[in-house]
Amino acid sequence: MAYQLRQVSLPLLPSGASDIRILHFSDLHLTPARKSEIADIKGWVKLKPDLVISTGDFLAHREAVGVALSALDELLDIPGLYVFGSNDYYAPKFKNPLSYLKKDSGQRNLGEKLPIEEFDRQLQSRGWINLNNKRSSISINGITIDIRGTDDAHLELDDYEKVSGKKSGELSIGVTHAPYRRVLDAMAQDEIDLIFAGHTHGGQVRIPWIGGTRSLTTNCDLPNWRSRGVTKLPNQPYLNVSAGMGYSPFAPLRLFCPGEKTIITLTNKVKALS
């Protein structure tokens, strides 16, 4: 599988600030057999990010914890933020692919529980910050960033009330796995600047459309046109939805929707206007 790099610049930093390069990835769905994906991940450190953000679904197999930690090893020396998705908690099970096109019934077909606690401990021991229903702050290139996130909204584990409140610092970032509107609306109410999410796989299967391609689903209540990349509504935060890198072992197909990682370069507002 070919993996692409999506690159975007956003003018969100105060005057005089140095650029901040953010590597955003999501939905690795790693198993020991994903050799090409693992090799690609090992090369991400060459992108020289200042901050790494993962929006979950690292795993897709009980033996994937060590695989993921090995693949991410050099990146774990760089400041990082993360939340988890449903496939980090439970191994995937077969699901009729056509069911993704139907209205969500709220029922979840969950597999065996995965050793997420050990994975979480290992990530935190390397200095990455767990933002599952947590709020904190981080300083990157001299900029103080208010950071907050939610646990997986697809499993209804999100509890934004635990992290709510007006933003602080010079920049505010929200992180969530599944971009359900209740989470996005709550972050918008608190005037967050930029939200990172995954889960949608960009639709995973897209159809040719005027000017490009169009997704058939987002697997949540996010409109299809926002299924991947950076989008923005009036008076709302920027939203970057990663199309992800992998897929469920039971649906090993991506059509017109290659796996991707994203570099978002935050620039100062004055520089962007010059």
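The values are calculated or read from the model by the stated rules, or taken from the named source; none is laboratory data. None of the values given here were measured: they were computed from a predicted structure. All Cβ positions, glycine included, derive from the backbone under ideal geometry; neighbour counts span all protein chains shown.
Of all residues in region 7-27, those being polar (S, T, N, Q), within 28 Å of Gly43 (Cα to Cα) and surrounded by fewer than 22 Cβ atoms within 10 Å (Cβ to Cβ) number 3. Scanning region 162-213 for residues that are surrounded by fewer than 17 Cβ atoms within 10 Å (Cβ to Cβ), under 18 Å from Ile129 (Cα atoms) and either β-branched (Val, Ile, Thr) or in contact with a helix residue (DSSP H, G or I) (Cβ under 9 Å, 6 or more places away or on another chain) (or both) gives a single hit, Ser164. Tell me yes or no: at least one residue of region 19-26 is over 24 Å from Lys134 (Cα atoms) and not aromatic (Phe, Trp, Tyr). Within region 19-26, one or more residues are over 24 Å from Lys134 (Cα atoms) and not aromatic (Phe, Trp, Tyr). Across region 225-246, which residue is farthest from Met187 (Cα to Cα) among those that are in a strand (DSSP E or B) and out of contact with any Ser or Thr (no Cβ under 6 Å at 6 or more places or on another chain)? This residue is Gly229.
Evaluate the following for Ser26: is it without any contact (Cβ under 8 Å) to a residue 40 or more places away in the chain, of a type in the set (Ser, Thr, Tyr) and either farther than 26 Å from Arg148 by Cβ or touching a strand residue (DSSP E or B) at 6+ places or on another chain (Cβ under 9 Å) (or both)?
no
For the structure I just gave you, tell me whether Asp57 is of a type outside the set (A, V, I, L, M, F, W, C), modelled with pLDDT of 95 or more and farther than 22 Å from Pro252 by Cα. Spelling it out, it is not the case that Asp57 is of a type outside the set (A, V, I, L, M, F, W, C), modelled with pLDDT of 95 or more and farther than 22 Å from Pro252 by Cα. Across region 65-75, what is the total count of residues that are buried (at least 18 other Cβ atoms within 10 Å of the Cβ) and touching a residue at least 40 places away in the same chain (Cβ under 8 Å)? Matching residues across region 65-75 total 4.
Among the residues of region 206-234, those that are farther than 29 Å from Lys167 by Cα and free of Cβ contacts under 8 Å to residues at least 60 places away in the same chain comprise Arg206, Ile207, Pro208, Trp209, Ile210, Gly211, Gly212, Thr213, Arg214, Ser215.
Counting the residues of region 164-190 that are touching a Gly at 6+ places or on another chain (Cβ under 7 Å) and within 24 Å of Leu13 (Cβ to Cβ) gives 5.
So that you can scan it fast, the table gives a plain yes or no per residue for (1) in a strand (DSSP E or B); (2) in contact with a Pro (Cβ under 9 Å, 6 or more places away or on another chain); (3) under 18 Å from Ile263 (Cα atoms):
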site: Leu5; (1), (2), (3): yes, no, yes
site: Ser9; (1), (2), (3): yes, no, yes
site: Leu12; (1), (2), (3): yes, no, yes
site: Gly16; (1), (2), (3): no, no, no
site: Leu23; (1), (2), (3): yes, yes, yes
site: Leu28; (1), (2), (3): no, no, yes
site: Ala33; (1), (2), (3): no, yes, no
site: Glu37; (1), (2), (3): no, no, yes
site: Val45; (1), (2), (3): no, no, yes
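Condition check ((1) at pLDDT below 95; (2) closer than 19 Å to Asp50 by Cα; (3) in contact with a Pro (Cβ under 6 Å, 6 or more places away or on another chain)) across all residues:
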residue	(1), (2), (3)
Pro223	no, no, no
Arg226	no, no, no
Pro237	no, no, no
Ala243	no, no, no
Tyr247	yes, no, no
Ala251	yes, no, yes
Phe256	yes, no, no
